[in-house]
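The values are calculated or read from the model by the stated rules, or taken from the named source; none is laboratory data. Predicted model, so just to flag it, every value in this text is computed and none were measured. So basically every Cβ, Gly included, is an ideal-geometry build from the backbone, and we count neighbours across all protein chains shown.
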Amino acid sequence: MKSKLKLREKCLEERKIFFKKKGNDCLKEIDINSIISDIKSKIRLTSVGIYYPIKSEISPLKLIKICKKLSVKVAIPVIDKNVNELIFSKFDKENILAKNKYGINEPTKINQITPDVIFVPMVGFDKNLNRLGYGKGYYDRTISKLRKLKKIFVIGLAYDNQMVRNIPIENHDEKMDIILTDKKIYR
């Protein structure tokens, strides 16, 4: 979709601008704790999937400390080349990371977990909780598959300036349940 390509370029430029001003560690711990507590009241929360940030992506790494306090396992995605989806592998200090073909850190040893909550990087988003990603569809395919297996919460992470009026959506696109930015929580 041509309009998605242009929108992706615009959103990535906006993200770079904010990243240069503020850096990628700008999530408020109070917001993260609030969301985690809210989710814990709805489901039995045992594991959280986060991503290892690249370039100007907002960082979810502060979740590691929060999850450890709550005895919640943390997992990070690994690209499963056989099905072009992500699998989540337990992330702990024993797990060595290596860069994949996209320059993203992944665990070298897989200890698969199906997370209850997944934090997802975003290129852009709209007020209807639609997400614009990098265009490869890994998260959409994975989220779709996991939502058929069990109740999961999907939380998009972005800078507030990545919000656009409207994300053109396609049948395979998966909505976020919550979007957390440096300024606000969108539900």
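Numbers at a glance
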read-out: Considering residues of the stretch 92-101 that are at pLDDT 90 or above and surrounded by 10 or more Cβ atoms within 10 Å (Cβ to Cβ) only, the residue nearest to LYS73 (Cα to Cα); value: LEU97
read-out: Any pair with Cβ under 7 angstrom, 6 or more apart, that starts in the stretch 20-48 at a residue that is within 16 Å of ILE118 (Cβ to Cβ) and ends at one that is assigned to a helix (DSSP H, G or I) and of a type in the set (D, E, K, R); value: LEU27/LYS62; ILE32/LYS62
read-out: Test: GLU57 is on the phi < 0 side of the Ramachandran plot and either among the hydroxyl-bearing types (Ser, Thr, Tyr) or under 15 Å from the mean Cα position of the chain (by Cα) (or both); value: yes
read-out: Any hit, the stretch 121-132, residues being over 21 Å from LYS10 (Cα atoms) and in contact with a Leu (Cβ under 9 Å, 6 or more places away or on another chain); value: no
read-out: Scan of the stretch 17-43 for residues that are assigned to a helix (DSSP H, G or I) and either loosely packed, with under 12 Cβ neighbours inside 10 Å or among the hydrophobic types (A, V, I, L, M, F, W, C) (or both), ordered by number; value: ILE17, PHE18, PHE19, LYS20, LYS21, GLU29, ILE30, ILE32, ILE35, ILE36, SER37, ILE39
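Here's the yes/no breakdown for (1) in a loop (DSSP other than H, G, I, E, B); (2) closer than 20 Å to LYS4 by Cα; (3) touching a residue at least 12 places away in the same chain (Cβ under 8 Å); (4) within 14 Å of the chain's Cα centre (by Cα):
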residue: LYS109; (1), (2), (3), (4): yes, no, yes, no
residue: VAL120; (1), (2), (3), (4): no, yes, yes, yes
residue: LYS127; (1), (2), (3), (4): yes, yes, yes, no
residue: TYR134; (1), (2), (3), (4): yes, yes, yes, yes
residue: ASP140; (1), (2), (3), (4): no, yes, yes, yes
residue: LYS148; (1), (2), (3), (4): no, no, no, no
residue: ASN161; (1), (2), (3), (4): no, yes, yes, no
residue: ILE169; (1), (2), (3), (4): yes, yes, yes, no
